[in-house]
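In what follows, a single structure is set out as structure tokens and then discussed.
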Amino acid sequence: MIRSDIKGFSLVESLIVLAVIGTLLAVMMPNYQNWRERTRLKEAATQFASDLDKQRSETKRLNTQHQMSLASDGKSYTLTGVTKLVPEGITITGSGVPVIFNPPYGTVTLPLNSFTVSLDYKQAISMTVRVIGIVGKVILE
């Protein structure tokens, strides 16, 4: 005799729901990890570009020379005496020549300074920070 007043889920229904959730997680997990890596990279590149732009602004504001030099291992950079660490798992590479912002307009001596911000374990995923021309404009690509 079948009772129609029983409420709840059967074991089979619960297992089907778990299987569907597991399948969805298996499909979505690589996309989530890729998104997380790209977000970390973008945050690090944005911070680096912002620090460069701040050096340029400080040069104009204080009418003093400011510079940024990159450590040879790409794990830190120095902004006029203050060393900043690059987030773990990220490396910044450049020409090895310091970027010097000259007063009174924040101009640079080299026509193009380019830096690549990349993930340590996926060099193909990267962003570029450029200090353009003599005007010293900082561009994140």
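No value in this document is a laboratory result; all are computed from the given coordinates. Remember, it's a predicted structure, so these values are computed and weren't measured experimentally. Reconstructed Cβ throughout: ideal geometry from the backbone, glycine too, with neighbour counts over all protein chains shown.
If the segment from residue 23 to residue 65 were pulled out straight at 0.36 nm per residue, it would be longer than the present Cα-Cα gap by 9.4 nm. Between helix 11-62 and the chain, what is the angle of the helix's C-alpha long axis to the longest principal axis, kept within 0 to 90° and rounded to the nearest 10? So the inclination is approximately 10 degrees. Toward the positive end of the charge dipole of the chain, with +1 on the Cβ of Lys and Arg and -1 on the Cβ of Asp and Glu, the farthest Cα among 107, 85, 96 is that of 107.
Nearest 20 debye, what's the magnitude of the dipole of the chain about its Cα centre given +1 on Lys and Arg Cβ and -1 on Asp and Glu Cβ?
300 debye
Ratio of Rg to Rh for the chain: 1.39 [Cα atoms; Kirkwood radius as inverse mean 1/r over pairs]. Checked against a 18 Å cut-off, the cross-linked pairs 54/122; 75/137; 84/122; 84/137; 75/122; 54/137 give Cα-Cα distances beyond that limit for 54/122; 75/137; 84/122; 84/137.
Between residue 83 and residue 50, the C-beta separation translates, for a Förster distance of 22 Å, into a calculated FRET efficiency of about 0.85. For region 100-105, backbone phi angles converted through the Karplus equation (6.51, -1.76, 1.60; θ = phi - 60°) give residue-by-residue couplings of 10, 9, 9, x, x, 10 Hz, Gly and Pro being listed as x. Note on residue 137 and residue 123: their simple-model spin labels are 3.1 nm apart, each label 7 Å out from Cα toward Cβ. Take every pair of alpha-carbon atoms less than 8 Å apart whose residues are at least six positions apart; their mean separation over the length of the chain yields a relative contact order of 20 percent.
Comparing mean-square fluctuations of 45, 124, 26 from a GNM of the chain with C-alpha springs under 10 Å, the top value falls on 26. Scanning residues 5 or more positions from residue 101 or on other chains, those with amide H under 5 Å from its amide H are 66, 67, 68, with H placed 1.01 Å from N in the peptide plane. Counting other Cβ atoms within 10 Å as a rough exposure proxy, the listed residues 9, 101 run 9, 101 from fewest neighbours to most. The amide H of residue 113, built 1.01 Å from its N in the peptide plane, has 131, 133 as neighbours under 5 Å, considering only residues 5 or more places off or on other chains.
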